[in-house]
1. Could you calculate the FRET efficiency of residue 111 with residue 223 from 1/(1 + (r/R0)^6), where r is the beta carbon distance between them and R0 is 35 Å, rounded to 0.05?
2. Extension gain residue 123-residue 74, at 0.36 nm per residue separation less the Cα-Cα distance, in nm?
3. Quick one: compute the contact order of the chain, relative version, from alpha carbon pairs under 8 angstrom and 6+ residues apart, as a percent.
4. Taking springs between alpha-carbon atoms closer than 10 angstrom, which of 226, 97, 127 fluctuates most in the Gaussian network model of the chain?
5. Specify whether the C-alpha gyration tensor of the stretch 224-289 places it in the rounded, prolate or oblate class, a ≥ b ≥ c being the square roots of the eigenvalues: rounded for a/c under 1.5, otherwise prolate if a/b is larger than b/c and oblate if not.
6. 222 nm [θ] for the chain, helices only, -39500 (n - 2.57) per DSSP H run of 4+, per residue, to 500?
7. If you line up the long axis of helix 110-119 against the longest principal axis of the chain, both from Cα atoms, how many degrees apart are they, to the nearest 10?
8. Could you please rank 163, 27, placing first whichever residue has the fewest other Cβ atoms within 10 Å of its Cβ?
Ligand SMILES: Nc1ncnc2c1ncn2[C@@H]1O[C@H](COP(=O)(O)OP(=O)(O)O)[C@@H](O)[C@H]1O
Ligand SMILES: [Mg+2]
């Protein structure tokens, strides 16, 4: 197995803030690796470190076998990087943007350009100005530009944030094709649906990796908590009553279903009684299997003040 990214206790501070706090990651070739975390968790900083844009304050990493600090130029030549707010040249056409970005590395052949435009559904816009594309097509183009020099390792910082689900699905189909060709993809996200598509995940919170594994192992190794659902509408009185109960950790409302994460000791009976006291009804509380969002919320939720 070839390891493409291997970080060793890597940290980065900005003044008082420790944006990345001693992380260890090991990512094999051909994997789609997801770094999942809330806003300001440190996701973009990890990408900026691993792509040689920022220097770590301590620790380090090998990327594609090269040392992050001393062999940075070799790393830069072999990676693609789609930043969170990727700059296209709005007055250049779609095809000219691709020409421009690939020329930084190796000029792209006409044939490769056509293939890339087709893969990302851009062929019909080839001569349109990039600035006139919709948000979804701008994102497709920014990903195509980052792939124009055929990099081995691709960093995608929130690649589908703000993008409709159909475009997201199509982009992910391309990501799977890239991984099947042996490319390694490093994706950051805060979408659970996107996280579940990754081969392996790390959860980052306040700069620390708090859990790592495949989505299914993360769910199966999630012990010590119960997940309940109850068919009930949100009310602030109900939320306050439940959160005041010992053992209730997090409430998460989905339409008419309330999802309740509790300590393993809390049974459904007391929850049901509390809900029915508040709502004056006969609501049934059901215990369910956790999903990746439950794991994520539990790992990143702040303890209730006692
Ligand atoms: N250049 C910078 N200068 C100062 N603080 C920064 C800088 N870049 C990031 N930070 C801070 O580091 C933390 C992590 O940021 P970031 O990596 O962008 O998080 P994420 O991508 O998970 O939202 C945040 O608190 C952010 O404000
Ligand atoms: Mg970010």
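1. The formula returns an efficiency of 0.10 here.
2. On the way: separation 49, 0.36 × 49 = 17.64 nm, distance 3.17 nm.
Here the segment from residue 123 to residue 74 would lengthen by 14.5 nm.
3. Values: 568 pairs, mean separation 57.9, N = 306.
With pairs under 8 Å counted, the relative contact order is 19 percent.
4. Among 226, 97, 127, the largest GNM mean-square fluctuation belongs to 127.
5. Working: a/c = 1.42, a/b = 1.31, b/c = 1.09.
Judged from the Cα gyration tensor, the stretch 224-289 comes out rounded (a/c under 1.5).
6. That comes out to -9500 deg cm²/dmol.
7. Orientation of helix 110-119: about 20 degrees from the principal axis.
8. Working: 163 19, 27 22.
Listing 163, 27 from fewest to most nearby Cβ atoms yields 163, 27.
Values quoted throughout were computed directly from the atomic coordinates according to the rules given, and no laboratory measurement underlies them. Since the structure is predicted, the reported quantities are computational estimates derived from the model, not experimental observations. Virtual Cβ from ideal backbone geometry, glycine too; neighbours counted across all protein chains shown.
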